[in-house]
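K.L.:
A single structure is presented below for examination.
The values are calculated or read from the model by the stated rules, or taken from the named source; none is laboratory data. Please read these numbers as outputs of a predicted model, since none were measured by experiment. Using ideal geometry, Cβ is built from the backbone for each residue, glycine included, and neighbour counts are taken over all protein chains shown. When the accessible area is computed, the model is the full protein with side chains, heavy atoms only, and any ligands, DNA or RNA have been set aside. Shrake-Rupley method; radii C 1.70, N 1.55, O 1.52, S 1.80 Å.
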Amino acid sequence: MTTITFGKAINEGLRRALADDDKVVLLGEDIGTLGGVFRITDGLKAEFGEHRVVDTPLSEAGIVGTAVGLAYRGFRPVVEIQFDGFVYPAFDQIVAQVAKLHYRSRGAVRMPLVIRIPFGGGIGAAEHHSESPEAYFTHTAGLRVIACSNPADAYVMIRQAIASDDPVVFLEPKRRYHVKGEVDLDANLADARPMGVATVVAPGRDVTLVTYGALVQTARDAATAAAEEGVSIEVIDLRSLAPVDYSTIEASVRRTGRLVVAHEAGEQGGVGAEIAASITERCFEFLEAAPVRVTGHDIPYPPAKLEQYHLPDLDRILDGVDRAMGRPNSLSEVEA
């Protein structure tokens, strides 16, 4: 095992994929000589050459459109979108071409294409640099949507995404880039947990807390804090947002009887809404209370000085747990 940062784990995963398959090509703005705005591709151009690590013009639609053509010709392109809010100019390419070509061609065309997107807030950045656009893509049939939360998963899952014959939107919680963890750089993909399977990262008996990306660590901290008050929280890291591993969530809720879903994106039409509705349908007779969502507010992303009030934190998640448990708490009373 090697201790490296989340960002370095992505870098090593890309390096391994480039070394293992000559058809893997990286494209993006400033990913070559500069190594990307977050330095995730640092050193890869020097190692693999400018024809495989390609600095592109500042055109997200052009980058993804070029990747579609490469995938159509048998390559495995990996696109970097600099920031979450920059993906919107490429939206037409993603939902109308990337997600549809396999179906449109009746299976004759594969789209082994990965779109890497640093997403979420917590870095003191502005609008278009701190957004959570995942629901747009989970709503689009034909896309896999992945959100890893730790270095070990980042290293394995980026390789799994590249090896997949399906198009993958790969969400990277940017505020976790500098967090360190142990990674097995010799990990064999054949032995790894499939990227569509969720993980129970903290077992519990009273409440099921489902989340993904940067909030997984916040959820684990909430579980630790709640334990001091005698509440046992089971934390599930979704890992895959499309498809969702409902079997893992369902098994947990059947035991705990309560569900809380947390994410940075807004509440309206979010991933949490879909999970809450689906689990209500699947586990209605086991639920002791209505599912609770803890989310960002339904507003444009706020200025950096105000983002602490927008992002779900330890207190807001614990408040959600209290609501699911039917316990009185001051935070809900203040919000009411």
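K.L.:
With the dipole of the chain worked out from charges on the C-beta (+1 for Lys and Arg, -1 for Asp and Glu) around the Cα centre, which of Ala126, Leu14, Ser240 lies farthest toward the positive end?
P.N.:
The one lying farthest along the dipole's positive direction is Leu14.
K.L.:
Follow-up question, since we're still on this one. What does the C-alpha gyration tensor say about the overall shape of the range 84-188? Classify as rounded when a/c is under 1.5, otherwise prolate if a/b is larger than b/c, or oblate.
P.N.:
Values: a/c = 3.19, a/b = 1.25, b/c = 2.55.
It comes out oblate by the Cα gyration axes.
K.L.:
Quick one: with all protein chains in place, what share of the accessible area of the chain is carbon or sulfur, to the nearest percent (1.4 Å probe)? Numbers along the way, then the final one.
P.N.:
Working: 7370 of 14500 Å².
The nonpolar share, carbon plus sulfur, comes to 51 percent.
K.L.:
At 222 nm, what helix-only mean residue ellipticity would the chain give, in deg cm²/dmol to the nearest 500, using -39500 (n - 2.57) for each DSSP H run of four or more?
P.N.:
On the way: 12 runs with 114 residues, N = 336.
Rounded to the nearest 500, the figure is -10000 deg cm²/dmol.
K.L.:
Right, something else. Can you tell me how much longer the chain between Glu127 and Thr3 gets when fully stretched, taken as 0.36 nm per residue apart minus their C-alpha distance, in nm with one decimal? The partial results should precede the final answer.
P.N.:
Values: separation 124, 0.36 × 124 = 44.64 nm, distance 3.27 nm.
My answer for the length gained is 41.4 nm.
K.L.:
Given the C-alpha centroids of the range 49-88 and the range 271-306, what is the distance between them in whole angstrom?
P.N.:
Computed from Cα coordinates, the inter-centre distance equals 33 Å.
K.L.:
Separate question: Let me know the Kirkwood hydrodynamic radius for the range 224-336, please, with Cα pairs as the basis and the value in Å to one decimal. Before the final figure, lay out each step's value.
P.N.:
Working: mean 1/r = 0.0668 Å⁻¹.
Computed over the range 224-336, the radius equals 15.0 Å.
K.L.:
Could you tell me the calculated FRET efficiency between Asp165 and Ala141, based on Cβ-Cβ distance and R0 = 22 angstrom, to the nearest 0.05? Could the numbers behind the result be given before it?
P.N.:
Numbers: r = 16 Å, r/R0 = 0.73.
Using R0 = 22 Å, I get an efficiency of 0.85.
K.L.:
Moving on to the next point. At 0.36 nm per residue, and after removing the present C-alpha to C-alpha distance, how many nm does the segment from Asp30 to Val197 gain when stretched out fully?
P.N.:
Working: separation 167, 0.36 × 167 = 60.12 nm, distance 3.29 nm.
Gain in length upon complete extension: 56.8 nm.
K.L.:
Let me ask something additional. Once label points are set 7 Å from the Cα along Cα→Cβ at both Ala251 and Asp42, what is their separation, rounded to one decimal in nm?
P.N.:
Taking the two extended label points, one gets 3.9 nm.
K.L.:
Among bridges DSSP assigns within the chain, what percent are antiparallel (round to 5)? Display every interim value, and only then the final one.
P.N.:
Values: 9 of 43 bridges.
Looking only at bridges with both residues in the chain, the antiparallel portion is about 20 percent.
K.L.:
If you don't mind, there's one more thing I want to ask. Over the range 31-128, with a single point scatterer placed on each C-alpha, what log10 of the ratio I(q)/I(0) does the Debye formula yield at q = 0.11 1/Å?
P.N.:
Reported log10 I(q)/I(0), two decimals: -0.36.
K.L.:
Accessible area, 1.4 Å probe, largest first: how do Lys180, Lys174, Lys23, Lys45 sort? Please list the in-between numbers first.
P.N.:
On the way: Lys180 140, Lys174 5, Lys23 90, Lys45 55 Å².
So, going from the largest accessible area down, we get Lys180, Lys23, Lys45, Lys174.
K.L.:
Given the whole protein assembly as supplied and a 1.4 Å probe, what does the accessible area of Glu250 come to in Å², nearest 10?
P.N.:
That residue has around 40 Å² of solvent-accessible surface.
K.L.:
If you place +1 on the Cβ of every Lys and Arg, -1 on the Cβ of every Asp and Glu, and leave all else neutral, what size is the dipole of the range 100-148 about its Cα centre, to the nearest 20 Debye?
P.N.:
Computed about the Cα centre, the dipole is about 520 debye.
K.L.:
Using 1/(1 + (r/R0)^6) with R0 = 30 angstrom and r between the beta carbons of Asp22 and Leu58, what's the FRET efficiency to the nearest 0.05?
P.N.:
Details: r = 28 Å, r/R0 = 0.92.
Computed FRET efficiency for Asp22 and Leu58 comes out at 0.60.
K.L.:
What whole-number volume per residue, in cubic angstrom, does the convex hull of the C-alpha atoms of the range 1-53 give?
P.N.:
Values: hull volume 3.8 nm³, N = 53.
Roughly 72 Å³ of hull volume per residue.
K.L.:
With the dipole of the chain worked out from charges on the C-beta (+1 for Lys and Arg, -1 for Asp and Glu) around the Cα centre, which of Ala262, Thr295, Val201 lies farthest toward the positive end?
P.N.:
Positive-end residue among those listed: Val201.
K.L.:
Work out the length of the dipole vector of the range 175-266 about its Cα centre, built from +1 on the beta-carbon of each Lys and Arg and -1 on the beta-carbon of each Asp and Glu, and round it to the nearest 20 debye. Numbers along the way, then the final one.
P.N.:
Values: 10 positive and 13 negative charges, 40 e Å.
With Lys and Arg at +1 and Asp and Glu at -1, about 200 debye.
K.L.:
Still on this structure, I have one more. What is the extension gain from Thr280 to Ser232, computed as 0.36 nm multiplied by their sequence separation minus the C-alpha to C-alpha distance, in nm to one decimal? Kindly include the intermediate steps, with their values, before the conclusion.
P.N.:
Working: separation 48, 0.36 × 48 = 17.28 nm, distance 2.11 nm.
Working it through step by step, the gained length comes to 15.2 nm.
K.L.:
Follow-up question, since we're still on this one. After finding the eigenvalues of the alpha carbon gyration tensor for the chain, what semi-axes result from the square roots of 5 times each, listed largest first in whole Å? Walk me through the numbers before you get to the answer.
P.N.:
On the way: eigenvalues 235, 82, 76 Å².
So the equivalent ellipsoid measures 34, 20, 19 Å along its semi-axes.
K.L.:
So, in Å, what gap is there between the alpha-carbon centers of the range 176-219 and the range 111-130?
P.N.:
19 Å
K.L.:
Too long at a 26 Å Cα-Cα cut-off: which of Lys23/Lys45; Lys45/Lys100; Lys100/Lys180?
P.N.:
Values: Lys23/Lys45 15 Å; Lys45/Lys100 31 Å; Lys100/Lys180 37 Å.
In this structure, Lys45/Lys100; Lys100/Lys180 lie more than 26 Å apart at Cα.
K.L.:
Can I ask one more? Rounded to the nearest 20 debye, what is the charge dipole size of the chain about its Cα centre when +1 sits on each Lys and Arg Cβ and -1 on each Asp and Glu Cβ?
P.N.:
Numbers: 33 positive and 47 negative charges, 182 e Å.
Roughly 880 debye, rounded to the nearest 20.
K.L.:
Quick one: accessible area per residue over the range 172-260, 1.4 Å probe, rounded to a whole number of Å²? List each step's numbers first, then the result.
P.N.:
Working: 3570 Å² over 89 residues.
Per residue, the range 172-260 has an accessible area of 40 Å².
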